[in-house]
Amino acid sequence: MMFRPRCGLRQKFVYVILKSILYSSWLLGIFPFKYEPKKKRLRRSMWLILFGIAMSSSLLILMVKQSVEDQEHGIRLDVFQRNSLLHQISSLMGVVGVVTICTVHMRTLWRSKHLEEIYNGLMLLEAKYFCSDAVECPAFDDYVIQKGVLIVVGLLAPWMVHFGMPDSKLPVLNVLVVSMVKLGTLLLAIHYHLGVVIIYRFVWLINGELLSLVCSLRGNHKGSSSRVRFLLKLYTNLVNLYSRLADCYDCQTVLMMAVFLAANIIVCFYMIVYRISLSKMSFFVMLIMFPLALANNFMDFWLSIKVCDLLQKTGRQTSMILKLFSDIENMDKDLERSISDFALYCSHRRFKFLHCGLFHVNREMGFEMFVASVLYLLYLVQFDYMNL
């Protein structure tokens, strides 16, 4: 239902991106669900789960095997020979990255039963109450388009780094395997954020109907208390689905955010060492290739922060809209009671992203993590200043 093509070039582009994400996820074995057209629901498949485990394990084993073979044959970048600290950090990040990828894939497959119920709940709400053709949500389309472009650019980054490094001796097969592993990780992340942005769209539609009700009451028209109670029921279902979705992906999100931020710091330090110590990096590589890769990673990170912050703000807007009903005089008692219940629920149950009880995901946290990344890079340069 959510993947139906709609009128307009942008909507068709969104449809193509969503279909590409779905089929790529099936191809890599990270979406272990079959769609049943008759029942219009997803069903978890053990064969797809086994295929996903085999596919992910094969890619990881192949990547680790290639890395070990490169070390045995003495394939080592000149920058690592020049700066031992960078080599040690890169090796450590490689181990952490492999552990993170294994954890992300296994935990997602382990929670697939819960994800099946969540996805079917969203599809049921879409089919019964939030028709895709009813109202267009520009923020939903913009997110899907931006995410699709960032995934394509992110997949091009390893190839740009491979062909742009003057002393690159790694085989093309290595880069291909790394790209496949990276694609699988990016798709796992977008599954979570697509669920978040779909819930945002539903809340956005509820807010629009509440605003229409306010305008109608101010125009001396009557409002339906039963409709408000129905909207409260839908809102409650969305909050519950969001809580379960965030619980299924909390560990994966924390690990991936930490790894990507650490990788950006290492890439910046690599660029500094390569330019200052070896002076082999060309002007094109220095000013275009590496900054483009870093910009893509930070934009992808910020887009993930943005979509979570968007849902939280939309939830707060629901409370602000409900306050507008307090200015309306001679309101029906049942309607007033329903509005009060809705406002009371919104004050107690909010959309908050608290991953693993460690930190909230919002714009303030995203900016603080960006500043922390710059500071850690400065600390790293100061610590190893004599070897630059």
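The values are calculated or read from the model by the stated rules, or taken from the named source; none is laboratory data. Quantities reported herein were computed from a predicted structural model and do not represent experimental measurements. All Cβ positions, even for glycine, are placed from backbone atoms using ideal geometry, and neighbour counts span all protein chains on display.
Here the helices (runs of 4 or more DSSP H) wholly within the range 283-388 that include at least 1 residues being modelled with pLDDT under 80 and not small (Gly, Ala, Ser) are 290-323, 363-383. Determine which member of the set Tyr235, Tyr270 is under 30 Å from Leu380 (Cβ atoms) and more than 22 Å from the chain's Cα centre (by Cα). Step by step, each of Tyr235, Tyr270 is checked, and only Tyr270 is under 30 Å from Leu380 (Cβ atoms) and more than 22 Å from the chain's Cα centre (by Cα).
In the range 356-379, the residues that are within 23 Å of Ile89 (Cβ to Cβ) form no Cβ pair under 8 Å with any partner that is at pLDDT 75 or above and of a type in the set (Gly, Ala, Ser), whether six or more places apart or across chains.
Pairs linking a residue in the range 144-166 that is modelled with pLDDT of 75 or more to a residue that is among the aromatic types (Phe, Trp, Tyr) and assigned to a helix (DSSP H, G or I), with Cβ atoms under 8 Å and 6 or more positions apart or on different chains, are Ile145/Phe13.
Could you check how many residues of the range 23-34 are without any contact (Cβ under 8 Å) to a residue 12 or more places away in the chain and surrounded by 13 or more Cβ atoms within 10 Å (Cβ to Cβ)?
Number satisfying all stated conditions: 1.
Would the range 348-357 turn up any residue that is surrounded by fewer than 17 Cβ atoms within 10 Å (Cβ to Cβ) and over 26 Å from the mean Cα position of the chain (by Cα)? So far as the range 348-357 goes, yes, one or more of its residues are surrounded by fewer than 17 Cβ atoms within 10 Å (Cβ to Cβ) and over 26 Å from the mean Cα position of the chain (by Cα).
Taken together, the residues in the range 225-267 that are among the hydroxyl-bearing types (Ser, Thr, Tyr) and at pLDDT below 85 amount to 3.
Pairing residues of the range 291-311 that are under 22 Å from Val203 (Cβ atoms) with residues that are polar (S, T, N, Q), at Cβ distances under 9 Å and at least 6 apart in sequence or on separate chains, gives Leu303/Gln146; Ser304/Thr253; Ile305/Asn362; Cys308/Asn362; Asp309/Asn362. Scanning the range 110-139 for residues being of a type outside the set (Asp, Glu) and modelled with pLDDT of 85 or more gives a total of 14. Note on the range 240-274: among residues that are β-branched (Val, Ile, Thr) and surrounded by fewer than 19 Cβ atoms within 10 Å (Cβ to Cβ), the one that is nearest to Ile199 (Cα to Cα) is Val254.
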